[in-house]
Amino acid sequence: MNSATLDKLQQISEQNLLDIEEAKKTGTRVIGFYCLYSPVELAEAAAAITLPLCGTRNDPISAAEEVLPRNLCPLIKSSYGFAATDTCPFFRLSDIIVADTTCDGKKKMFELLSQYKPVHVMQLPQNQDSETALPFWLTEVKRLKTVIEKETGNRITDEKLTAAIRLMNRERRAFKALMDLAKKRPSPISGMEMLTVKHKTGFFADRKARIDVLEVIVAEILQDAPETGSPTGENRPRILLTGVPVGLGSEKVVRLIEESGGDVVCFENCGGYKKVQPVEENQYPLLAIAKRYLSIPCSVMSPNDGRTALLDELIREFSVDGVVDLTWHACHTYNIESHTIGAFVHDQLGLPFLHLETDYSTSDTEQLRVRLEAFFELML
Ligand code: SF4
Ligand code: SF4
């Protein structure tokens, strides 16, 4: 990735904060989201700014541990710690938080989070059955619509919702085009660069501006691709990363994979391919939204067959040589599901598979490095 693009990203992330502050002064409401299951289209249709708030840094965890148990997922502690220490500008700017009952740790943390901001919790079903779970989830989506209308003072009509679905689908196409760059062999963008682009383009006041920037970045990278090539060369193993969400600050395993000899070419997790599935555009919009969000293949669903189906597709499309499955400490759903994923990847597809369990700290960096180097040696 060339330095002009990197410079642009830096300027963009500094400007975003100022733009959001300006928009708030003129009455625009800001809604913070924590999970991929929360339908952002409803906020978009009510002309609110949406901000992704998932905690990806280690710094606020010690403050969180004064309230939360230490043996809890670092993502949950980091998210709570940012609120408790008032160190996340995006949390501070949020007028209301939308959360979901995903895993046990997160839903109980949201109860405590409500002392800092108004929190609306969506009751997420535990399976994706269309006869029982979908009608329930549709009711939850309608309940969120009422909450957002009250918060913003704007009525969400079907027309506005349809326009929001179209805009969000365009954003998904732009985001997918960015990730699809790594289908090229060699990939013109490293996994670390991909994380940087995703993070620095994640906090716009205006969604159309975000999409434009993503499209320009993709075009620039494509233009430079022949010169840039892979950051490290053609023969490195192409790795798909699955499992828990990662971002800047919790990128330890991505960095170590790339330092130890692999290229992360595909992120299957919820900051990656789990989020690019479009919403059906020719359906009653609330039902289309409910269907699409409920179908997200996260390990909090039981069963979660969609994850192996998605992995199967991505492994082929990205010419993947090996799969690394990442679990945060104390994340039971991803930890237990790793057995099924390993059996699918290794036994059915015949590909090397490595399960890593860690947290946001650096204490196990060298142990992880040794395991990754051994993994890559076996792949040669
Ligand atoms: S991993 Fe699952 S529960 Fe966690 S943020 Fe992503 S979609 Fe939500
Ligand atoms: S990584 Fe696991 S434990 Fe942590 S918030 Fe997501 S589902 Fe919950």
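Here, each number is a calculation from the coordinates, and none is a lab measurement. Computed from a predicted structure; not experimentally measured. Cβ coordinates were reconstructed from backbone atoms using ideal geometry, including for glycine residues, and neighbour counts include every protein chain displayed.
Here region 242-259 and region 73-147 have alpha carbon centers that stand 24 Å from each other.
Nearest 20 debye, what's the magnitude of the dipole of region 28-153 about its Cα centre given +1 on Lys and Arg Cβ and -1 on Asp and Glu Cβ?
180 debye
Here each label is just a point 7 Å from Cα along the line to Cβ, and for Ser295 and Glu21 those points are 4.2 nm apart. Other residues lying with their Cβ under 15 Å from the Cβ of Thr85 contribute a combined charge of 0, Lys and Arg counting +1, Asp and Glu -1. Residues Cys73, Cys88, ranked from the fewest to the most other C-beta atoms within 10 Å, line up as Cys88, Cys73.
Neighbours of Gly191, meaning other residues whose beta-carbon lies under 13 angstrom from its beta-carbon, give a summed charge of -1 when Lys and Arg score +1 and Asp and Glu score -1.
Given their separation in residues at 0.36 nm each and the Cα-Cα distance between them, Val370 and Arg92 gain 96.1 nm when the chain is fully extended. Starting from the Cα gyration tensor of region 28-153, take the square roots of the eigenvalues, sort them a ≥ b ≥ c, and report rounded, prolate or oblate (rounded when a/c is under 1.5, otherwise prolate if a/b is larger than b/c, else oblate). Judged from the Cα gyration tensor, region 28-153 comes out oblate (a/c at least 1.5, b/c at or above a/b).
Counting only Cβ charges, +1 for Lys and Arg and -1 for Asp and Glu, the dipole size of the chain around its Cα centre is about 940 debye. Put simply, the amide H of Cys331, placed in the peptide plane, has no neighbours under 5 Å, leaving out anything fewer than 5 places away on its chain. The residues packed around Arg371, meaning those with a beta-carbon under 12 Å from its beta-carbon, carry a net charge of -4 if Lys and Arg are +1 and Asp and Glu are -1. For region 68-107, which trypsin sites (Lys or Arg not before Pro) pass both filters: DSSP loop (anything but H, G, I, E, B) and at most 11 other C-beta atoms within 10 Å? Hits after loop and neighbour filter: Arg70.
The mean sequence separation of alpha-carbon pairs under 8 Å and at least six residues apart, normalised by the residue count of region 1-78, gives a relative contact order of 22 percent.
Relative contact order of the chain, taken over Cα pairs closer than 8 Å and 6 or more residues apart, is 20 percent. Pull out a ≥ b ≥ c, the square roots of the eigenvalues of the alpha-carbon gyration tensor of the chain, then state rounded if a/c is under 1.5, prolate if not and a/b is larger than b/c, and oblate in the remaining case. Verdict is rounded for the chain. As a proxy for reagent exposure, Ile189, Ile12, Ile148 were ordered by neighbouring Cβ count within 10 angstrom, fewest first; the result is Ile12, Ile148, Ile189. Ranking Ile296, Met194, Val213 by how far each Cα lies toward the positive end of the dipole of region 186-318 (charges on Cβ) leaves Ile296 at the top. A Gaussian network model of the chain, with springs between Cα atoms under 10 Å, assigns the largest mean-square fluctuation among Lys150, Lys184, Lys274 to Lys150. For the pair Lys108 and Glu280 in one chain, pulling the backbone fully straight at 0.36 nm per residue adds 58.7 nm over the alpha carbon distance.
Stretching Tyr116 away from Asn154 to a fully extended chain increases their span by 11.2 nm, per 0.36 nm per residue minus the current alpha-carbon distance. Amide H contacts of Ala99 (H built 1.01 Å from N, in plane; Pro and chain starts excluded): His120, Val121, Met122 sit under 5 Å, all sequence-distant by 5 or more or on other chains.
In deg cm²/dmol and to the nearest 500, what is the mean residue ellipticity at 222 nm of the chain if only DSSP H runs of at least 4 residues count, each as -39500 (n - 2.57), divided by the residue total?
Calculated at 222 nm, the ellipticity per residue is -16000 deg cm²/dmol.
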